[in-house]
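Undergrad: Please read through the structure below; I'll follow up with questions.
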Amino acid sequence: MTQLPRAMLIDMDDTILSAYGRPEIAWHNVAAEFAAEFGPFTSQQVAAAVLDSARKFWSVAGAEWRMKLDEARRLTVAGGFAVLAADGHALSEDLAVRLANRFTAYREEEMFVFPGAHDAIDELKARGVKLALVTNGAAGSQRAKIERFALSDRFDHIQIEGEHGFGKPEERAYLHAMQALGVTASETWMIGDNLEWEVVAPQRLGIYAIWIDVHGDGLPADSPVKPDRIIRSLTELLSPVDKNL
């Protein structure tokens, strides 16, 4: 067993909070609420079209769209509706806007802190680990989550992309957080759910990178990414394993 590191950089969304995971479930649930307005289409068909549109959008979208999630969702719904219109039945722009806005509200309603996350963070801090919350996204929405879920006093440094002007996977996002904590890469662990942001980029800097797989799905098939460790919840950080295993 190794000792805990001097510092940890911890992601927020889908690491501490259940926030954006399982979009297929969320879109199907939201679409079901509007089923009576879809004409010849089932809510499942609409949800599938919107999901496909969203995946295509986010596969090429620049970082600036993380600051404009509401607008991005309206665009992806409109894109899904456009594909459905090719089958001869157009759904209204008003419906697209209402569906997208409802998805945003649904996400807010369904957010919660993963069991044990607060206690794990508190125990790490009690053991002397310096903690930084490093999250991408818009200043207003991310700061609201931090306050809503009582995270502000649990961290020594809070770094929000929209407040600082840079975010993961930019190198300066990690370097700035480590500088704020007064630590080096070899003294630091990064924990989060995004393989590029919380594993690949930190590893390039010499940071020990831990991927959190809250749903137990495992690494994507043929993934070239090799996290230094995989955990299911933050509570596992309290029992670190040998880095050489």
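Undergrad: Being farther than 17 Å from Gln179 by Cα, modelled with pLDDT of 95 or more, touching an Asp or Glu at 6+ places or on another chain (Cβ under 9 Å) and surrounded by fewer than 15 Cβ atoms within 10 Å (Cβ to Cβ), is that true of even one residue in region 126-137?
TA: no
Residue-wise test of (1) closer than 29 Å to Thr235 by Cα; (2) of a type outside the set (D, E, K, R); (3) at pLDDT 95 or above; (4) touching a helix residue (DSSP H, G or I) at 6+ places or on another chain (Cβ under 9 Å).
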residue	(1), (2), (3), (4)
Asp14	yes, no, yes, no
Pro23	yes, yes, no, yes
Ala32	no, yes, yes, yes
Ser43	no, yes, yes, yes
Lys56	no, no, yes, yes
Gly62	no, yes, no, no
Arg98	no, no, yes, yes
Phe103	no, yes, yes, yes
Val113	yes, yes, yes, no
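Undergrad: Could you check region 202-241 and list, in sequence order, the residues that are touching a residue at least 40 places away in the same chain (Cβ under 8 Å) and aromatic (Phe, Trp, Tyr)?
TA: Residue satisfying the conditions is Tyr208 alone.
Undergrad: Shifting gears a bit: Checking the condition out of contact with any Lys or Arg (no Cβ under 8 Å at 6 or more places or on another chain) and closer than 28 Å to Arg143 by Cβ, which residue from Gln179, Gln203 passes?
TA: Gln179
Undergrad: Would you check if Ile158 is surrounded by 15 or more Cβ atoms within 10 Å (Cβ to Cβ), in contact with a Ser or Thr (Cβ under 8 Å, 6 or more places away or on another chain), β-branched (Val, Ile, Thr) and not in a helix (DSSP H, G or I)? Full working, then the answer.
TA: Values: surrounded by 15 or more Cβ atoms within 10 Å (Cβ to Cβ): yes; in contact with a Ser or Thr (Cβ under 8 Å, 6 or more places away or on another chain): yes; β-branched (Val, Ile, Thr): yes; not in a helix (DSSP H, G or I): yes.
It is true that Ile158 is surrounded by 15 or more Cβ atoms within 10 Å (Cβ to Cβ), in contact with a Ser or Thr (Cβ under 8 Å, 6 or more places away or on another chain), β-branched (Val, Ile, Thr) and not in a helix (DSSP H, G or I).
Undergrad: Oh, and also: So, in region 35-65, how many residues would count as being closer than 30 Å to Glu170 by Cβ, surrounded by fewer than 19 Cβ atoms within 10 Å (Cβ to Cβ) and touching a residue at least 24 places away in the same chain (Cβ under 8 Å)?
TA: 3
Undergrad: Looking at region 119-155, which of its residues are outside any strand (DSSP E or B) and closer than 22 Å to Glu187 by Cα?
TA: Within region 119-155, Ala120, Ile121, Asp122, Glu123, Leu124, Lys125, Ala126, Arg127, Gly128, Val129, Arg154, Phe155 qualify.
Undergrad: If you don't mind, there's one more thing I want to ask. Scan (1) surrounded by fewer than 21 Cβ atoms within 10 Å (Cβ to Cβ); (2) part of a helix (DSSP H, G or I); (3) β-branched (Val, Ile, Thr) for the single condition Val199 breaks and write down its number.
TA: Exception for Val199: condition (1).
Undergrad: Given the conditions (1) touching a residue at least 60 places away in the same chain (Cβ under 8 Å); (2) over 23 Å from Glu147 (Cα atoms); (3) of a type in the set (A, V, I, L, M, F, W, C); (4) open to solvent by 40 Å² or more (accessible area, probe 1.4 Å), which single one is not true for Phe112?
TA: (2)
Undergrad: Only one of (1) assigned to a helix (DSSP H, G or I); (2) small (Gly, Ala, Ser); (3) touching a strand residue (DSSP E or B) at 6+ places or on another chain (Cβ under 7 Å) is not met by Ala100, so which one is it?
TA: It is condition (3) that Ala100 fails.
The values are calculated or read from the model by the stated rules, or taken from the named source; none is laboratory data. Since we're looking at a predicted model, the values are computed, not measured. A quick note on method: Cβ atoms are made from the backbone with ideal geometry, for glycine too, and the neighbour counts reach across all protein chains shown. What goes into the accessible areas is simple: the full protein's heavy atoms, side chains included, and nothing from ligands, DNA or RNA. Shrake-Rupley method; radii C 1.70, N 1.55, O 1.52, S 1.80 Å.
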